[in-house]
């Protein structure tokens, strides 16, 4: 059992010898156990703790095993119930299976038989988790499964992800709205050791203020109005896997305390429960807010900040990674078309790419995804030109060019600074040419990257380079003549 997640087990039987055996043997198999001498005490234990499995004697004083089974299925349907019975009551045990019991075992029984049935219960629970993990991977398949981009800044992000992913460290992802924080979290999950377990994303800002505690940590039946049965919280759903808390800065101070407790102890407690229990969950957080400013305003706990900020990854806005835009646009176009990338890459015309590079993208990657979907629909699966792009894009202010200032010499180097009289004045055209050539050299001749940094369309860059080449050739011909 060591390779499996442990179970919380309720054992109810009036035989003292069996009680003692279970107290010693079930923990030896790696499980937690609560032992009860009869059905009534078993029901009381159910009111305090959530159990993964229950082993019940069919015949007990007070409430029998069937009655306890019915109570369990009402308040905790996910608890797997195993009925213990004598040979004379096998038919009753089979009826118990029809009522929802996981299995039954006849007395006298060996510990190896109980271990086998518990192993099956563990495998069933793990299968549920794997099914949930599969569903989340299918959802993730609707978008790119890796971070798209070969710019230097995205290369740094990808290196950070590959470094932290195999660990169980808590990760904080920072970035503006639409920069792909959930995709970064999914990429960490996909490169982690938990890929066979659930990935559970939670938008903290969308949770009801009154139900956020119940949604995250679960609740007991009767703990508040409308709680007519036990509810498993998202921490339990993510057990063994990864919980992604998007917009973590939106959590109120009360929930922040409970999140801090989990990060420190690995324990959670359902609303209405008296006892906490452990879950094995990796937490990844994200926010577009400045948590340090929130700490100053007493809106976010400083001790929680240091817990969730173990490993920080900052996602750049799209305007800071323009060289990635053509490749990213093609990937998002393939997603919108539900077709392989190689089938749609050529649909995006150079003129459309130029228009995309001109736009400042305040909505980042999310806005680009919407634009690509709209363009594909308008083009009807044919070539996408600027006319298929939104009107506001084509009439927006173009990205500005930022010219670097010359370095100011340090003290003691005044002699090396030329005087005003010795400086050869340059025309604006010459200044522009020098700057463009410096940026082009910086990007090792990559014109797409250079145009992106300059904030001009690729066609404009080509026109200027061709113009300068023609001027150079004309000058050489004059000297030759």
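The values are calculated or read from the model by the stated rules, or taken from the named source; none is laboratory data. Just so we're clear, the structure is a prediction, and the values are computed from it rather than from any experiment. Using ideal geometry, Cβ is built from the backbone for each residue, glycine included, and neighbour counts are taken over all protein chains shown.
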Does residue 381 count as on the phi > 0 side of the Ramachandran plot, modelled with pLDDT under 95 and not assigned by TED's automatic domain parsing to the domain that holds residue 447? yes
Complete set of residues in the range 459-477 that are modelled with pLDDT under 75 and touching a helix residue (DSSP H, G or I) at 6+ places or on another chain (Cβ under 9 Å): 459
All but one of (1) at pLDDT 90 or above; (2) surrounded by fewer than 15 Cβ atoms within 10 Å (Cβ to Cβ) hold for residue 334; which doesn't? (2)
Test residue 436 against the criterion of being outside any helix (DSSP H, G or I), touching a helix residue (DSSP H, G or I) at 6+ places or on another chain (Cβ under 9 Å), surrounded by 11 or more Cβ atoms within 10 Å (Cβ to Cβ) and at pLDDT 75 or above, and give yes or no. no
Which of the numbered conditions does residue 345 fail, given that it passes all the others? Conditions: (1) part of a helix (DSSP H, G or I); (2) surrounded by 17 or more Cβ atoms within 10 Å (Cβ to Cβ). (2)
Select from the range 358-393 the residues that are over 25 Å from residue 320 (Cα atoms) and outside any helix (DSSP H, G or I) and list them in ascending order. 380, 381, 382, 383
Confirm whether residue 306 is in the same structural domain as residue 249 (by TED's automatic domain parsing), without any contact (Cβ under 8 Å) to a residue 60 or more places away in the chain and surrounded by 22 or more Cβ atoms within 10 Å (Cβ to Cβ). no
Exactly one of 116, 106, 79 is assigned by TED's automatic domain parsing to the domain that holds residue 13 and in contact (Cβ under 8 Å) with a residue 24 or more places away in the chain, and that residue is 79
Listed residues 244, 224; which is farther than 16 Å from residue 50 by Cβ, assigned by TED's automatic domain parsing to the domain that holds residue 274 and assigned to a loop (DSSP other than H, G, I, E, B)? 224
Return a yes/no flag: does the range 313-328 have any residue that is over 30 Å from residue 358 (Cα atoms), in contact with a helix residue (DSSP H, G or I) (Cβ under 9 Å, 6 or more places away or on another chain) and surrounded by 15 or more Cβ atoms within 10 Å (Cβ to Cβ). no
Scanning the range 216-235 residue by residue, those over 10 Å from residue 271 (Cβ atoms) and free of Cβ contacts under 8 Å to residues at least 40 places away in the same chain turn out to be 225, 226, 228, 234
